[in-house]
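Report on the following structure.
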């Protein structure tokens, strides 16, 4: 009986959905659903999105040709209240029986639920795009206006509504632009001599250029340019409304003679409205109130100070060094008034994270008889000196089945009275591991604890002044940081110590420079004996060779299980076998077996050795994204890093002798030496109507030299994961065509290419189809395995390709992402099996992430 009900419910659900798939279900008999718009210019079809954006009506959004949002809308009952009441009253005593079972209140609530479901369907869905004669006419007129605004003053437009099949139609729009108009001459009518002289001095930057086709937007841009020009050159009272234009096209043979008209400013003199010429205003005083609050605005000033012409007034004892505040103020006494200086000051004060709601007010100086002096008052309200923060998260990884992370931070502002910020943070986690060697009955057998201290200074801390190279308008900061952490019962267990001296400055609002003058990291492995339990695949490869019939090794390396099977002991047997093979004490090894053992020995040495990294790196970040809603932008990040050069020089100068491996040691640790570069480029194209194409290209290489023959694990590249190639798990792709046979596959060269087409499904649910290509390889290091190394351009055939589909739900403050990736081209397989062998749901990789991958 239950199966019968389930089948009936499924049939009804399918029938309901199919009924909604009738696109014209909600289209009246005298209406038509708009299926397509086509614009013809001089008889030729055009496809430019900016032209189609002029139309007042568009077809319903679709995915793979299906208007899903329209189908959702069609699912909704247009009159749910009436339908529910009619259903309730259709059979005698139905309402009474339901009330006895559920109660009268629940019957009403059931009706409300039904109504709410239908309202949600209507709100989430999209009503049918009905062909409208009025909107078609308005669209044609708007097209004409668009062409007029772009220089085709005599353009003619029209449209034709063409019925297609039942209740459907398409609209063709026709544009005849005719001959365009070009800018010929540009003259000025500027009433103020001061304004005229400023214009002439910057005339070469005009956006209205003779010989260029007329565009209305150029005149709007010129109005904004002139407004900024005047307000940044002392004309405090200048407003954009004082600028107007004249354009003469009479008998000019399709040329536009333009005139820029700038009137004097409006003012009231002796009670009479009049216009007076502009004056160039200068800043006579800058007064800074570092502890201003609205409630103490009438209180007396109790502490004052001055610095380089700035006046500081405090209602209580002054808590800041004067220079720390004046360095953040770009409004300078004795200079002409400039809007740009005020903007720079606002930006800098907000970056300091010391004050809230900075407010800058200007007033005419009452002591000035010329009426040209201005007093700038900067009102600053300090934030609380101490702030506490807490965080909590859940995680899962290749080693950790389940983890709980927690942390806290203490932020101290103005710690040394120079607008510095000291942040002390601690973090910890517990988790359950996948460690094969761990026989503990405890579920939480992983612990990690760490602490970081960061001091941020609003200036470049250096032995000599950097003002000539990094002026204060670039918003310089210095961060001194140190941290330590310890990790137990996960992997090899480790202790880590870091120290960083970082500089950050912004040459402009799109460009950021980051320089780690000093970046030191020391990693100490605490549980090296656990290596073969963590990197189990390495052990299995060694054990397979050690138990081969052709191999003869000392029996002390082996033990047997209950079934009498021989295997290498961990760690003594596996380590001893590797050592004996290196010394030639293992008999019968083939050439390929010796090569495999050599690679495994090098990998173990590299992953178990302690690391000392003393690096310097520089990052160039060019981000053209205007705001968080901008979907048409590019972002370029270039990073260069060099490690070990300083320690190598110190070792030579100090006469330190190299060890038996030919390497220098500092405090008993071979320091790393390498050069590394990364290039990351992201580009988004906004196609309109929530359609976006996004691409990402990444290339990176790290080359060891001098004191190193390989790159430390923590500085290597890996492939796979929710923000990389989504058809592979993290660390499971590559190197090359080796097949990702290790638990953590990494290398020192990487190429990654990704592309996504993003679109809206309905409401806040978005989707994407994507393709990810990439891989990692070893190059110029100790790895010699052919399948793992990059030797030339032919190895690019080892670029893995993953494709898939993703869904993203927008919660406004973050995006929850779910992607499913399929191995479309897998270079680890035989050539004839590489394409589409992983295109099965059972072999798909599911990724959950926060926000977009790029």
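The values are calculated or read from the model by the stated rules, or taken from the named source; none is laboratory data. All figures in this text were calculated on a predicted structure; none of them were measured in a lab. Here Cβ is always computed from backbone atoms with ideal geometry, including for glycine, and neighbour counts include all displayed protein chains.
Just checking, does the stretch 200-223 include any residue being surrounded by 14 or more Cβ atoms within 10 Å (Cβ to Cβ) and under 25 Å from residue 363 (Cα atoms)? Among the residues of the stretch 200-223, not one is surrounded by 14 or more Cβ atoms within 10 Å (Cβ to Cβ) and under 25 Å from residue 363 (Cα atoms), which makes the answer no.
Looking only at the stretch 365-372, decide whether some residue is touching a strand residue (DSSP E or B) at 6+ places or on another chain (Cβ under 7 Å), outside the structural domain of residue 416 (by TED's automatic domain parsing), more than 22 Å from residue 236 (Cβ to Cβ) and in a loop (DSSP other than H, G, I, E, B). Looking through the stretch 365-372, none of the residues is touching a strand residue (DSSP E or B) at 6+ places or on another chain (Cβ under 7 Å), outside the structural domain of residue 416 (by TED's automatic domain parsing), more than 22 Å from residue 236 (Cβ to Cβ) and in a loop (DSSP other than H, G, I, E, B). Could you pull out the residue among 740, 734, 700 that is closer than 18 Å to residue 789 by Cβ and in a strand (DSSP E or B)? It is 700. With respect to the stated conditions, residue 359 is touching a strand residue (DSSP E or B) at 6+ places or on another chain (Cβ under 9 Å) and outside the structural domain of residue 242 (by TED's automatic domain parsing).
Flag not set for residue 771, criterion: within 30 Å of residue 713 (Cβ to Cβ), out of contact with any helix residue (DSSP H, G or I) (no Cβ under 6 Å at 6 or more places or on another chain) and not in a strand (DSSP E or B). Looking across 689, 635, 603, one residue alone is under 30 Å from residue 53 (Cβ atoms) and surrounded by 15 or more Cβ atoms within 10 Å (Cβ to Cβ). It is 635. If you go through the stretch 266-287 and keep only what is touching a residue at least 40 places away in the same chain (Cβ under 8 Å) and either part of a strand (DSSP E or B) or exposed (fewer than 14 other Cβ atoms within 10 Å of the Cβ) (or both), you end up with 275, 277, 282, 283, 284, 285, 286, 287. All of 241, 299, 295, 308 fail the test of being touching a helix residue (DSSP H, G or I) at 6+ places or on another chain (Cβ under 9 Å), surrounded by fewer than 18 Cβ atoms within 10 Å (Cβ to Cβ) and either closer than 30 Å to residue 332 by Cβ or free of Cβ contacts under 8 Å to residues at least 40 places away in the same chain (or both), apart from 308. The residue list 39, 85, 101, 51 contains one member that is assigned to a helix (DSSP H, G or I), under 30 Å from residue 149 (Cβ atoms) and either modelled with pLDDT of 90 or more or not assigned by TED's automatic domain parsing to the domain that holds residue 140 (or both), which is 51.
Given the criterion buried (at least 19 other Cβ atoms within 10 Å of the Cβ) and not assigned by TED's automatic domain parsing to the domain that holds residue 195, identify the matching residue among 328, 340. Just one listed residue meets the conditions, 328. Selection of the stretch 823-842 for residues being farther than 21 Å from residue 736 by Cβ and either modelled with pLDDT of 90 or more or outside any loop (DSSP other than H, G, I, E, B) (or both) yields 841, 842.
When the stretch 121-138 is filtered for residues that are more than 22 Å from residue 159 (Cβ to Cβ) and either in contact with a strand residue (DSSP E or B) (Cβ under 8 Å, 6 or more places away or on another chain) or free of Cβ contacts under 8 Å to residues at least 24 places away in the same chain (or both), the ones remaining, listed by number, are 124, 125, 126. The test for being more than 30 Å from residue 149 (Cβ to Cβ) and either without any contact (Cβ under 8 Å) to a residue 40 or more places away in the chain or in a strand (DSSP E or B) (or both) holds for residue 356.
For the stretch 231-264, filtered to residues that are part of a loop (DSSP other than H, G, I, E, B) and over 14 Å from residue 192 (Cβ atoms), the residue that is modelled with the highest pLDDT is 232.
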